[in-house]
Amino acid sequence: EGREPLVFQCSRHDDHMGSVELAKQCLREGFKGVFAGPIHPGCKLMDHIDGKVTIYLGEISEQEKLAWCRRAFLFGLLHTWDTMPFSQSIIEAQGQGTPIYTRGVGPFLGTYLQHGHNGFEAGEQSLWTAYTAADVDMSYASWAAARQYDVSVMIESFKTAFREIVAEWPRRNQP
């Protein structure tokens with residue numbers, strides 16, 4: 001199953017998630033944008049959905065979301081929060097090998113995203129420039145970045161830490 005030249009965004013659409021801005025950018029650049037998830041009252045996303053370049057799927061299942069992540073070259077999340085601590089959507093997209101296209105605010109740069117390695121800072125590149133730069137190595141780097149949040153990896157990390165604590169216990173607690 002090949003990737004298509006499109007950016008996918010699946011989130012709740014409100015003023016903080018950058019959905020309207022991303023849809024406008026898709027229309028301006030002629031780059032296909034596919035949006036899914038609930039639209040909060042007052043969000044003007046539908047004003048920028050034309051059914052050709054920008055498409056709104058509505059609310060979709062988890063399986064559909066992951067399938068769209070696998071189809072897309074980029075996962076877009078142009079949030080405006082500079083303190084957003086975690087984005088499950090970004091980890092899910094990266095887990096499908098999809099590079100991220102986001103703003104350079106909050107923990108995204110450095111924590112989930114290394115610009116040019118596993119995704120792009122939106123202010124740095126157009127969607128088409130990001131699309132032409134994305135490659136197999138970037139897809140693998142995206143998957144590898146998400147791998148650290150996999151439950152099996154986290155369990156092994158906790159087991160290792162626990163073994164180290166138990167091994168040190170007698171030495172640290174000697175009179």
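Structure values in brief
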read-out	value
Given (1) modelled with pLDDT under 75; (2) open to solvent by 60 Å² or more (accessible area, probe 1.4 Å); (3) of a type outside the set (Phe, Trp, Tyr), number of the condition residue 146 does not satisfy	(2)
The lone exception for residue 65 - which of (1) within 18 Å of the chain's Cα centre (by Cα); (2) surrounded by fewer than 15 Cβ atoms within 10 Å (Cβ to Cβ) it fails	(2)
Residue check, residue 98 open to solvent by less than 50 Å² (accessible area, probe 1.4 Å) and at pLDDT 80 or above	yes
Among the candidates 44, 24, 52, residue that is farther than 23 Å from residue 123 by Cβ and either crowded, with 17+ Cβ neighbours inside 10 Å or more than 17 Å from the chain's Cα centre (by Cα) (or both)	52
Filtered residues of segment 40-53 (kept if among the aliphatic types (A, V, I, L, M) and touching a Lys or Arg at 6+ places or on another chain (Cβ under 8 Å))	53
Residue check for residue 44: more than 19 Å from residue 21 (Cβ to Cβ) and at pLDDT 85 or above	no
Matching residues in segment 27-41 - criterion: being on the phi < 0 side of the Ramachandran plot, touching a residue at least 12 places away in the same chain (Cβ under 8 Å), part of a loop (DSSP other than H, G, I, E, B) and open to solvent by 20 Å² or more (accessible area, probe 1.4 Å)	38, 40
From the options 158, 108, 73, 120, residue that is open to solvent by 40 Å² or more (accessible area, probe 1.4 Å) and either at pLDDT 85 or above or under 11 Å from the mean Cα position of the chain (by Cα) (or both)	73
Selection from segment 133-143 of residues that are modelled with pLDDT of 75 or more and touching a strand residue (DSSP E or B) at 6+ places or on another chain (Cβ under 9 Å)	133
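So that you can scan it fast, the table gives a plain yes or no per residue for (1) closer than 18 Å to residue 131 by Cα; (2) among the β-branched types (Val, Ile, Thr); (3) at pLDDT 95 or above:
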{"residue": "11", "(1), (2), (3)": "no, no, no"}
{"residue": "27", "(1), (2), (3)": "yes, no, yes"}
{"residue": "33", "(1), (2), (3)": "yes, no, yes"}
{"residue": "37", "(1), (2), (3)": "no, no, no"}
{"residue": "53", "(1), (2), (3)": "yes, yes, yes"}
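The values are calculated or read from the model by the stated rules, or taken from the named source; none is laboratory data. This is a predicted model, so every value here is computed, not measured. Cβ sites come from the backbone with ideal geometry, for glycine too, and all protein chains shown count toward neighbours. All accessible areas refer to the heavy atoms of the entire protein, side chains included, with ligands and DNA or RNA removed. Shrake-Rupley method; radii C 1.70, N 1.55, O 1.52, S 1.80 Å.
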